[in-house]
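To keep things clear, I will list the structure first and then write my remarks on it.
What follows is calculated from the coordinates using simple rules that are stated; it is not laboratory data. Just so it is clear, the structure is predicted and the values come from calculations on it, not from any experiment. Don't worry about glycine lacking a Cβ; one is built from the backbone with ideal geometry, like all the others, and counts go over all protein chains shown.
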Amino acid sequence: MVSRSAEAKALGIKMGAPLFQVRPLIEQHQVQVFSSNYALYGDMSYRVMSYLASVVPELEIYSIDEAFLGLHGMERYTKPALNDFAQEIREQVNQRTHIPTCIGIAPTKTLAKLANHLAKQDTACKGVLLLDSVERQWWALGQVPVEEVWGVGRQYGQKLRAMGLDTAADLACCSEAWARKHMGGVVGARLVRELQGTPCHQLHASEDGTLARKSIAHTRSFGRPLSKFDDLLGAVAAFTSRAAEKLRAQGSETYMMTVFLGQNRFGPTPPPYTYSAQITLPTSTSNTTDLVRAARALLEKLWQPGLLYKKAGVIFDGLEGHGQPQLSLFEQLPEVQRPQSAALMRKLDQLNSRFGQNCVQVATAVAAVPKGTPAPWLGQKRQCSLARTTSWKDLWEIG
DNA sequence: TCTGGGGTCCTAGGACCC
DNA sequence: TCTGGGGTCCTAGGACCC
């Protein structure tokens, strides 16, 4: 259970609880359960972000369901005007997507997150909280338990409580030097300064309403544990293909690749549970066949006969913008060397986008799979909702 | 039987180079 | 052979985020 409605939370279904543990509750109260549906979420997110990009000077997409809006140049607006502006945004997003939102406005990202947190909690805010004075900022800081501050996780939360710091305000009273010493160095120092109202985190604006990642990964747990090299190769090749698609979709190339295998963390085997290997490629690429070849080499280093693996993943780091890779003087642009490669990948992406994911795949990803059977690494998505907005076969039918 | 899938930034040590 | 002050890259891991 990763995302729960207010009603589900009220039943006591915990974040991260595995389905089998809450099965009785679910049956008793007829709780509706859905597998994750990334295609639908991604498309709805894109609709919201595109709208936001059209109404504010700067937009940073922070995650699939959160964004920072830069309001620079709007400081002169009075409090009611800013509140009205935020309300208008909420109404528009709701009209277009039926997605409810809350907005926190403050001089730093950390304070804006804190304001947003309070706006969600207190219905009197009507979804918007503006912290436009030092007095209101300190009032807000006093309302929030320290572990709910953005950047304070479980470890620091416990540590701060043990030191008698209970609220965000207590933390904001600490000195930068203290935070540097006790909260992970420069990270903690910035956190405290942000709480005090001094911006330390820039806005990383995205101009086109999409998010350009610095690393791209595709990782999955298998439907059942796998041990044979060929099965794992199939999985790793399929994951590499998906990650390479994501890479091309954001117009990037990679020169660093990691492959990892994971064993069952809940099983009888003691740690380590994951084994990983990394390679630096001689030149940046987004070509699926090149990347699958590299993935295979990494897997050959990792794989041990007799071990049962439950999970695998492929991660691309060292991303470079396509067309402007940082090459040394003596290297050729990859696309100049192999002009047909880019065209082939474009065709591959077009086919898969038009006729469905995995319509065309690299042979390595399917070689080990007998005809007519699902790939052994696929998870069981038993309760998937439909991809209403991104798949022809799942369109709403009205009749 | 069943236990998610992504990301970010920072630190530190060792190899290697000038 | 020892001394010294840089720098980069690679690798691994920790803490946090959604």
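Points to keep in mind about this one:
- Three-way shape call for the range A:174-242 based on the alpha-carbon gyration tensor, with the a/c threshold at 1.5: oblate
- Cross-link check: pairs A:301/A:347; A:228/A:393; A:228/A:301 evaluated at a Cα-Cα cut-off of 23 Å; pairs beyond the cut-off: A:301/A:347; A:228/A:393.
- The charge dipole of chain A, taken about the Cα centre with unit charges on the Cβ atoms of Lys, Arg (+1) and Asp, Glu (-1), comes to about 1280 debye, rounded to the nearest 20.
- Student exercise, the range A:244-326 dipole from Lys, Arg, Asp, Glu Cβ charges, in Debye to nearest 20: 380
- Partners for residue A:181 among lysines (Cα-Cα distance below 21 Å; same-chain residues under 8 apart left out): A:159
- In sequence order, the range A:24-32 has phi-based couplings of x, 4, 5, 6, 5, 10, 6, 6, 7 Hz under the Karplus curve 6.51 cos²θ - 1.76 cosθ + 1.60, θ = phi - 60°, and Gly or Pro positions carry x.
- Normalised size of chain A, defined as Cα radius of gyration per 2.2 N^0.38 Å with N residues, equals 1.13.
- For the range A:264-325, trypsin sites (Lys or Arg not before Pro) are listed when DSSP marks them as loop and at most 14 other Cβ atoms sit within 10 Å of their Cβ; the list is A:265.
- Here the relative contact order of chain A, from alpha carbon pairs under 8 Å that lie six or more residues apart, stands at 16 percent.
- Shape category assigned to the range A:162-318 from the gyration tensor of Cα positions, a/c cut at 1.5: oblate
- Proximal lysines relative to residue A:79, as straight alpha-carbon distance under 25 Å, when same-chain residues fewer than 8 apart are discounted: A:109, A:113, A:120, A:126
- Karplus-derived HN-Hα couplings along the range A:182-195 (A = 6.51, B = -1.76, C = 1.60, θ = phi - 60°), whole Hz, x at Gly and Pro: 9, 10, x, x, 4, 4, x, 4, 5, 4, 5, 5, 4, 5
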